[in-house]
Amino acid sequence: ELKNKPGHTLEAAINEVIGLSYNSDMHNAIAVNEEKDKYLEALHSFVAQQNKYFENYQEALQKKDDQIDRLESLISSLIENNSENAPAISEESKMSPNEPKKIEKKQSLFKKIFG
């Protein structure tokens, strides 16, 4: 159709068709690159959020580890002090009449707490 227009040669028609095709391809390539850039930006944002989440999670785990260490140390200290300060039980030592009931209550409470 272009070559049949007045003033158009076959060469001019070919150049015009090639130019239209080139421009169309360029527009498609630009659109694809813009779409890729949007996806990359979204992916970078997601990765940054995940990194922040893992940093916060790691900090929380470290705090829990520190708490566990302190509790283990406290328990060890209590056990050590209890064994050092426990009175020696001799045959002469006798329990008061209320002592067995107190011990049973403590044992019951201990079982409820620690299963």
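Computed from the coordinates by the stated procedures, all read-outs in this text should not be read as laboratory data. From a predicted model like this one, the values you see are computed outputs, not experimental measurements. Here Cβ is always computed from backbone atoms with ideal geometry, including for glycine, and neighbour counts include all displayed protein chains.
Under 17 Å of direct C-alpha separation, and excluding same-chain neighbours fewer than eight residues apart, Lys5 reaches no lysines at all. The simple spin-label model puts a point 7 Å past each Cα toward its Cβ; for Asn4 and Ser83 those points are separated by 10.8 nm. In sequence order, segment 99-113 has phi-based couplings of 4, x, 5, 5, 5, 4, 4, 5, 5, 4, 4, 4, 5, 5, 6 Hz under the Karplus curve 6.51 cos²θ - 1.76 cosθ + 1.60, θ = phi - 60°, and Gly or Pro positions carry x.
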